Amino acid sequence: MPFMKAELKAFIAQLIYRIECNGLSTDQYEEQWRLVYAEHEMQAIEMAKAIGAKDADTLIDRHGRYIEWKLLAIKDLQQTGLDNGTLLFSVIKDAELVAAPVWSV
């Protein structure tokens with residue numbers, strides 16, 4: 001029986017970064033949604049952690065402060081299809097008036 005490679009599945013991973021300034025918490029967080037291909041869920045989590053660690057960053061802002069993005073967590077992981085119209089992200093927000101929308105129904 002020939003060796004068969006497992007088919008890769010698409011996952012959406014939600015990564016959470018904590019933003020620190022000069023080593024102190026700023027109470028700011030960044031949420032990112034990343035597409036990850038893996039054979040199974042545990043592999044997708046490991047890949048998302050590796051991506052998140054690689055993309056953690058430190059920079060110096062215009063005031064000379066060290067701003068650092070630290071990977072805090074993989075908050076969610078969902079297997080998804082990549083068909084036309086596949087829902088990637090949805091959020092419900094409190095209503096805010098939009099003075100002049102670019103496009104509306």
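One residue stands out in segment 35-62 among those that are in a loop (DSSP other than H, G, I, E, B) and farther than 15 Å from Glu20 by Cβ: the one that is farthest from the chain's Cα centre (by Cα), namely Arg62. For segment 51-85, filtered to residues that are in contact (Cβ under 8 Å) with a residue 24 or more places away in the chain and among the small types (Gly, Ala, Ser), the residue that is farthest from Asp27 (Cα to Cα) is Gly81. On the given criteria, is Arg18 in contact with a helix residue (DSSP H, G or I) (Cβ under 7 Å, 6 or more places away or on another chain) and not hydrophobic (A, V, I, L, M, F, W, C)? No. Look at (1) of a type in the set (S, T, N, Q); (2) exposed (fewer than 13 other Cβ atoms within 10 Å of the Cβ); (3) in contact (Cβ under 8 Å) with a residue 12 or more places away in the chain and you find that Gln32 fails only one, number (2).
Coordinate-derived values only; no laboratory data. Here the structure is a predicted model, which is why all the values come from computation and not from measurement. All Cβ positions, glycine included, derive from the backbone under ideal geometry; neighbour counts span all protein chains shown.
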